[in-house]
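Data first, discussion second: the structure below is written as structure tokens.
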């Protein structure tokens, strides 16, 4: 392999973030054929935001939402993915991701470090309309994929409607339309026996 140390910083960073393709998520593809990786999730979420640009409750800069969604999980190269339905794992993940952010963003060209870090911080804070909608998309997509794959993750880990409703509350902060849709889909999954009440 060609030595990457003599390439521009941008290209070295692109090679580094290729590692995101190897970080597995505890969520299956829409067809249930295999687990998805974090890079696939980030791409799918960003494209979903573009397609669902009329769904936020407040006006948003959709390009900013897309940028946040493309950056939000880069820290998982170093921290790994936390299971969203495990409160203890999630609590530990917050600190792990803060530490990982320092490592990941330090690999950027110096003039881009703050830009990427600001996008990540804004996403995590959920204090702007854009970050609330980005988080809504991030939480909606795994619910939707489980609807598509017959509740693969839900059945595997014994997830209940009550656990999913915690995520639907976060979706509602950015998009009541997506939250209402998620509620209806989850209720139907319970009725059809694909999800425990």
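Structure values in brief
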{"quantity": "Candidate set from segment 56-74 (those that are surrounded by 20 or more Cβ atoms within 10 Å (Cβ to Cβ) and over 12 Å from residue 119 (Cα atoms)); member that is farthest from the chain's Cα centre (by Cα)", "calculated": "60"}
{"quantity": "Hits in segment 105-131 - residues which are crowded, with 19+ Cβ neighbours inside 10 Å, in contact (Cβ under 8 Å) with a residue 60 or more places away in the chain and assigned to a helix (DSSP H, G or I)", "calculated": "130, 131"}
{"quantity": "Verdict on residue 65 being at pLDDT 95 or above and not in a loop (DSSP other than H, G, I, E, B)", "calculated": "yes"}
{"quantity": "Filter result (part of a helix (DSSP H, G or I) and either touching a strand residue (DSSP E or B) at 6+ places or on another chain (Cβ under 8 Å) or in contact (Cβ under 8 Å) with a residue 60 or more places away in the chain (or both)) within segment 145-164", "calculated": "145, 146, 148, 152, 153, 154, 157, 161, 163"}
{"quantity": "Single residue of 172, 184 found to be part of a helix (DSSP H, G or I), loosely packed, with under 14 Cβ neighbours inside 10 Å, at pLDDT 95 or above and on the phi < 0 side of the Ramachandran plot", "calculated": "184"}
{"quantity": "Residue selected from segment 1-24 under the condition part of a loop (DSSP other than H, G, I, E, B) and modelled with pLDDT under 90, by the criterion surrounded by the fewest Cβ atoms within 10 Å (Cβ to Cβ)", "calculated": "1"}
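The values are calculated or read from the model by the stated rules, or taken from the named source; none is laboratory data. All values reported here derive from a predicted model rather than from experimental measurement. Note that we place each Cβ from the backbone using ideal geometry, even for glycine, and neighbour counts take in every protein chain shown.
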